[in-house]
Amino acid sequence: MADDRMLLAGGRVIDPASGKVRLVDILVEDGRIARVGKGIRARDAQRIDCRGKHIAPGFIDMHCHLREPGYEDAETILTGTQSALVGGFTRVCPMPNTDPPVDSEAMVRFQIERAEQAGYASVHPVGCCTRNRAGKELAEIGSMREAGAVAVSDDGDWVSDPRVMRRALEYAKAFDMPVISHCEYDGLSDGVSNEGLVSTRLGLRGKPWPSETAAAARDIMLAEFVGARVHIAHVSCAATVDLIRWAKLRRVQVTAEVCPHHFTLTDASLAGFDTNFKVNPPLRTEPDRLAVVEGVVDGTIDVIATDHAPHTSIAKEVEFDKARPGIIGFETAFSLGYEQFVLSGLMSPARYIEKLTLAPARIMGLRTPSVAEGTEAELVILDLKAQWTFSSAQIMSKSHNTPFLERTMQGLVVGGVLGEEHFWLLHAA
Amino acid sequence: MPRARTKPKRKPRKAAKPGGGRAKRAPARRRSKPEPYVPRLANLLGISQLAPADITAILDQAETFIEVLKRPIPVVPALRGKTVVNLFFEASTRTSTSFALAASRLSAQCVNFSIGSSSVKKGETLLDTARTIEAMRVDGVIIRHSMPGAAHFLSRRIKSFVVNAGDGCHEHPTQALLDAFTLRRRLGTLKDKRVLLVGDIAHSRVARSNILCFSKLGARVAVCGPPTLIPPHIEELGCEVFYRLDRVLYEVDVVNMLRVQTERISSSLFPSVREYRALYGLTAERLSELNTSVVILHPGPVNWGVEMDFEVAELPQALILNQVTNGVAVRMAVLYLLAGGQVGDTDTAETK
Amino acid sequence: MKQIIDAAELNRLIDRLAADIASRNKKEKNIALVGIKRRGVPLAERLAARLVKKRAGEIPVGAIDITLYRDDLQLVAETPIVRGTEIAFDINGRTILLVDDVIYTGRTTRAALASLLDFGRPKAIRLAVLIDRGRRELPIQPDFTGKTIETRRDDLVDICLEEEDGKDGVFLTLRK
């Protein structure tokens, strides 16, 4: 529904940059925010009633999997960006572990164009760190940057050869790109669940937390030594949070993210062998969960990222050992975080939204999400009072692998504005 | 865009508390003697699902089947017309034969669903197998699988009852029940008895089921083995941990040896068979030095000369063959309790 | 529910049953009693005690549990507990007197016969019951009967024995 002028009237606008929440109207003209203020009169503009709602900049997910090319049975860029938008994510950064992997300029362009054709959330690809994700030789990081890649990573695997990782960190400095590290130390990583009481009880092969923390330690030290930026993906355990806190004190250029499932769930959920609780890194213990929550609150962990990882039911309806790790995440991320951090009183709404907007934009070098006059209109409308139950029927992702079905949550993305278009989400009506 | 999603067809019914299941039943007679507790189980997936009263009731039933097995014609018609399937993804002649024998002693048919390497190679998944079995309309499935949770997976997808005959390193409940039964027959009770499990606790489903089962029956359980073969937090399952056999063997009533796989040497879990035998083997010398009447169990098959010497198995307190005999009676009890009745309210107490 | 037979009459019935059995088995040397669990067992023991007085020699008593031989196992609400069979003597060549407290459809007796025959080949099997409440569903009739009572399908007949129920007596509950 394109329109030249739109007036978002009566909503409370959350500005993560200033930390303020103001009851103001927003006038959008030609896809840009023309005016922000009280009682704007614009008779010819299309009026969007936002009374009782909140308005925030669109969210950025700096870690997801859109599966295209190669695994279109699980997700496509079309369905993935639709699902993202439903979750309030107007920009997403897909990881390059597709088939073939995104390790070239052409692949980066392909993903961006696909998303533009689709017209939902925009895509800012993460390119491979090494050619073909093989961990041996550097990928063409510079050309990928030219084509629009915003970071490099061999996500799904750790770059185990320390020389290769060192060179990648050094090389990426030239393009001011972070290297995103999927921390999993070889030889400690053949498990399917956290190693601890639960794995002992269930007889599952365990993946001990040192697998993550030891890998993170090496990469943090290399980043410090070569003066490069490293980003630790999906932090899952207490020791890694402590490590990052220590590294930040040393002024290492390290940033980190946590996924909603790691701050919401623990390995106790595995008791029934439901493969929708199988993720990588694995769900860990309650002390680990509390540590990552604390890490988010004290700023050690910069970003909340979904690690949206769609899998077909065939890939999940198998023995626990054989099931592919990962769950879809776009459509529940905002609500799970809202519950964990805002409703609990740990953070203000503005600080929470900063973790979904400014922080990932800063790390990935993306245009700053804003509600200021003159900026591009990329806004989400939120109903923070709404209680809703996640149901299979409303899932927009092509895959349904989520442990959060039938969960009742508070806080819902109800609509938004993307440039000259605005949308309302049906399930919120 | 709604999509079809397979949901669990039913959850395993929780075992009722003693007497709980009988409350709705119209009292046909005024009885002064207490009714025996009937465990109401939909599946047997693990000892973790059983209450102590369930375990005791299963063992009590097994006693009556010991008597049946001693009859001139050791067959009863209880499960006539019932069919169970042995679904063994891992070869185990002992366990599958024991179940087949138990089924036939109850007049049930036991069919082997042979998992050729071919069907797995053809890409047949456990889901395919479950759906195939469901379509064949059998009454029960006995599953052995190399991966933990396989029995749970199956039970959520088929209506027939499921007996877990071993799922990876998770559980092997009928082994635990038959071991408890063997000990109860020998010692009278497990209450306050000290039971020591020795060997590869980390990779043993028998260890997990036995720790749970023995402790639910009131025994004080301990485990002993090289620290590399003791999984983390095992003590939270309710057992003590020892790393040196000689420091604990002399004070236990039962020693339950476990099979150790020599393949573990290649993954640096212990250095050599020689050292393992010296530290953790139930050798004849070790036993004679201790001069103890400790009862000996082993789930079999034994690696002679590694975890146990052949002479030890010949001792009168070694109950290894009793375990095998009792296994049939215990599995009869399990099959009988799972296949015997169905949920309904037909009260046939008066159909004399 | 009303009491139709009191303790004294119940014992008179057992006396009469014992006398009847004794008079018709005078020449039978090798006799044994097998009670059907549960109330057939104390009844068999009471009969044996009376028979021993009337004739020389031991009379072994066994107990049989017919649960595993029931033809309604698939229909019952919950799996019945098997109480175990105890027959400590060889039944081959003996005359076995099967004892139960009540006969109704005849299905219990059929199950008991099937079970007993799995233990060997007795010379003969006879059936003694305290109460015959009619309404048979199988062609089975007792050889010795304490008392016959007319009942309807839905009526409940409760036979109580001291050993099992703490008192002797027979009670009838009419269903509307």
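The values are calculated or read from the model by the stated rules, or taken from the named source; none is laboratory data. Bear in mind that the values here come from a model prediction, so they are computed numbers and not experimental data. Don't worry about glycine lacking a Cβ; one is built from the backbone with ideal geometry, like all the others, and counts go over all protein chains shown. Accessible surface areas use protein heavy atoms only, side chains included; no ligands, DNA or RNA. Shrake-Rupley method; radii C 1.70, N 1.55, O 1.52, S 1.80 Å.
Using C-alpha pairs below 8 Å separated by at least 6 residues, the relative contact order for chain C is 26 percent. Counting heavy atoms of the protein chains alone, A:ARG12 has an accessible area of about 110 Å² for a 1.4 Å probe. Taken along the Cα-to-beta-carbon direction at a fixed 7 Å, the label points for A:GLU116 and B:THR325 span 8.3 nm.
Which length gain, in nm to one decimal place, applies between B:LEU69 and B:ASN112 when the Cα-Cα distance is subtracted from 0.36 nm times their residue separation?
Details: separation 43, 0.36 × 43 = 15.48 nm, distance 2.29 nm.
Extending this stretch completely gives an extra 13.2 nm.
Pairs spanning more than 19 Å between alpha-carbon atoms, out of B:LYS70/C:LYS123; A:LYS53/A:LYS385; A:LYS20/A:LYS355; B:LYS70/B:LYS191: B:LYS70/C:LYS123; B:LYS70/B:LYS191. Apply the a/c threshold of 1.5 to the C-alpha gyration tensor of the range B:88-196 and tell me whether it is rounded, prolate or oblate. Taking the square roots of the gyration eigenvalues as a ≥ b ≥ c, the range B:88-196 is prolate. Straightening the chain between B:GLU236 and B:LYS122 buys 36.8 nm, computed as 0.36 nm per residue apart minus the Cα-Cα spacing. Note on B:THR174: accessible area approximately 0 square angstrom, rounded to 10, probe 1.4 Å, nucleic acids and ligands left out. Express in whole angstrom the spacing between the alpha-carbon centres of the range A:65-115 and the range A:375-408. Result: 19 Å between the Cα centres.
For the range B:162-176 versus the range A:262-280, the spacing of their alpha-carbon centroids is 22 Å. Once the chain from C:ALA88 to C:LEU172 is taken as fully extended at 0.36 nm per residue, the excess over their C-alpha distance is 26.7 nm. When the listed pairs A:LYS316/B:LYS159; A:LYS316/B:LYS82; B:LYS82/B:LYS216; A:LYS322/A:LYS398 are checked against a 24 Å cut-off, the alpha-carbon distance exceeds it for A:LYS316/B:LYS82; B:LYS82/B:LYS216. Coupling constants for the range A:246-251 follow from the phi torsions by the Karplus curve (6.51 cos²θ - 1.76 cosθ + 1.60, θ = phi - 60°), and in residue order they are 5, 5, 5, 5, 7, 6 Hz; glycine and proline get x.
Suppose accessible area is computed on protein heavy atoms with a 1.4 Å probe; arrange A:LYS53, C:LYS53 from highest to lowest. Don't skip to the end; give the middle numbers.
Numbers: A:LYS53 50, C:LYS53 175 Å².
Reading off the accessible areas and sorting them downward yields C:LYS53, A:LYS53.
Let me have the 222 nm mean residue ellipticity of the protein assembly as shown computed from DSSP H runs of 4+ only, each contributing -39500 (n - 2.57), with the sum over all residues rounded to the nearest 500. Value at 222 nm, helices only, nearest 500: -9000 deg cm²/dmol.
Starting from the Cα gyration tensor of chain C, take the square roots of the eigenvalues, sort them a ≥ b ≥ c, and report rounded, prolate or oblate (rounded when a/c is under 1.5, otherwise prolate if a/b is larger than b/c, else oblate). All intermediate terms of the calculation are to be shown ahead of the outcome.
Working: a/c = 1.74, a/b = 1.18, b/c = 1.47.
Since a/c reaches 1.5 but b/c is at least a/b, the shape of chain C is classed as oblate.
Among beta bridges from DSSP that stay inside the range A:61-364, the antiparallel ones total about 5%. Can you give the log10 of the normalised intensity I(q)/I(0) at q = 0.05, 0.10 Å⁻¹, computed with Debye over equal Cα scatterers of the protein assembly as shown? The calculated log intensity ratios at q = 0.05, 0.10 Å⁻¹ are -0.44, -1.12.
Backbone amide hydrogens, once placed in the peptide plane, bring C:VAL34 within less than 5 Å of C:GLY62, C:LEU97, C:LEU98, C:VAL99, excluding anything fewer than 5 places away on its chain. Along its principal axes, the range B:173-323 has C-alpha extents of 41, 34, 27 angstrom, given from the largest down. Once both labels are positioned 7 Å from their Cα atoms along Cα-to-Cβ, the gap between C:ALA114 and B:LYS159 label points is 2.5 nm.
Using the beta-carbon distance between A:GLN410 and A:LYS322 and R0 = 41 Å, what value does 1/(1 + (r/R0)^6) give for FRET efficiency, to the nearest 0.05? Intermediate results must be reported in sequence, preceding the final value.
Values: r = 36 Å, r/R0 = 0.87.
For A:GLN410 and A:LYS322, the calculated efficiency is 0.70.
Specify whether the C-alpha gyration tensor of the range A:61-364 places it in the rounded, prolate or oblate class, a ≥ b ≥ c being the square roots of the eigenvalues: rounded for a/c under 1.5, otherwise prolate if a/b is larger than b/c and oblate if not. The shape class here is rounded. Put A:TRP424, A:TRP158 in order of accessible area, highest first, and with a 1.4 Å probe you get A:TRP424, A:TRP158.
Computed from backbone phi with θ = phi - 60° and the Karplus coefficients 6.51, -1.76 and 1.60, the 3J(HN,Hα) list for the range B:41-54 is 10, 8, 8, 10, 9, x, 5, 4, 7, 9, 7, x, 5, 5 Hz; x is used for glycine and proline. Close amide H pairs (under 5 Å, H built 1.01 Å from N) link B:VAL223 with B:LEU197, B:GLU240, B:VAL241, B:PHE242, residues at least 5 positions away or on another chain. Per-residue 3J(HN,Hα) values for the range C:124-131, derived from phi via the Karplus relation 6.51 cos²θ - 1.76 cosθ + 1.60 with θ = phi - 60°, read 7, 10, 10, 10, 10, 10, 7, 10 Hz in sequence order (x marks Gly and Pro). For the pair the range A:116-169 and the range A:328-371, the centres of their Cα atoms are 24 angstrom apart. Distant-in-sequence amide contacts of B:ARG194, defined by a placed amide H-H separation under 5 Å and a gap of 5 or more residues or a different chain, comprise B:ARG220, B:ASP253, B:VAL254.
Average partner chain C-beta neighbours within 10 Å, per residue of B:141-154? Walk me through the numbers before you get to the answer.
Numbers: counts 0, 0, 0, 0, 2, 2, 10, 13, 14, 6, 1, 7, 9, 1.
Going residue by residue through B:141-154 and averaging, the value is 5.
Give me the summed buried accessible area for the C-B pair, 1.4 Å probe, to the nearest 100 Å².
Numbers: alone 9570 and 18210 Å², together 24100 Å².
In total, this chain pair buries about 3700 Å².
Counting Lys +1, Arg +1, Asp -1, Glu -1, what net charge surrounds B:PRO77 among other residues with beta carbon under 14 Å of its beta carbon? It would help to have the intermediate numbers written out before the result.
Numbers: positive: B:ARG71, B:ARG80, B:LYS82, B:ARG105, C:ARG70, C:ARG107, C:ARG110; negative: C:ASP65, C:ASP71, C:ASP72, C:ASP118.
Here the charged neighbours net out to +3.
Measuring with a 1.4 angstrom probe and ignoring ligands and nucleic acids, B:CYS110 comes out at about 40 Å² accessible. Neighbouring Cβ atoms from other chains, within 10 Å of the Cβ of residues in A:196-209, number 6 on average.
Once you average over the residues of A:318-324, how many Cβ atoms of partner chains fall within 10 Å of each Cβ? Mind showing how you got there, number by number?
Numbers: counts 6, 15, 9, 7, 4, 2, 0.
Counting other chains' Cβ atoms within 10 Å and averaging over A:318-324 gives 6.
Please give me the summed charge of the neighbours of B:ALA135: other residues whose Cβ is under 13 Å from its Cβ, Lys and Arg +1, Asp and Glu -1.
Working: positive: B:ARG131, B:ARG137, B:ARG157, B:LYS159; negative: B:ASP128, B:GLU134.
Cβ neighbours under 13 Å give a net charge of +2.
What is the Å³ per residue value for the convex hull set by the Cα atoms of the range A:335-429?
140 Å³
Chains B and A: what accessible area do they bury, summed, in square angstrom to the nearest 100, with a 1.4 Å probe? Write out the running numbers ahead of the final one.
Details: alone 18210 and 16730 Å², together 32550 Å².
Chain pair B/A: roughly 2400 Å² of buried accessible area.
For B:TYR280, B:TYR250, write out the residues from largest to smallest accessible area, computed with a 1.4 angstrom probe and no ligands counted. Working shown, then result.
On the way: B:TYR280 15, B:TYR250 130 Å².
Listed by decreasing accessible area, they come as B:TYR250, B:TYR280.
Against chain A, whose longest principal axis is taken from its Cα atoms, helix A:105-118 shows a tilt of about 40°.
If you restrict to DSSP beta bridges whose two residues both lie in the protein assembly as shown, what percentage is antiparallel, to the nearest 5? The partial results should precede the final answer.
Working: 42 of 124 bridges.
In the protein assembly as shown, DSSP labels about 35 percent of beta bridges as antiparallel.
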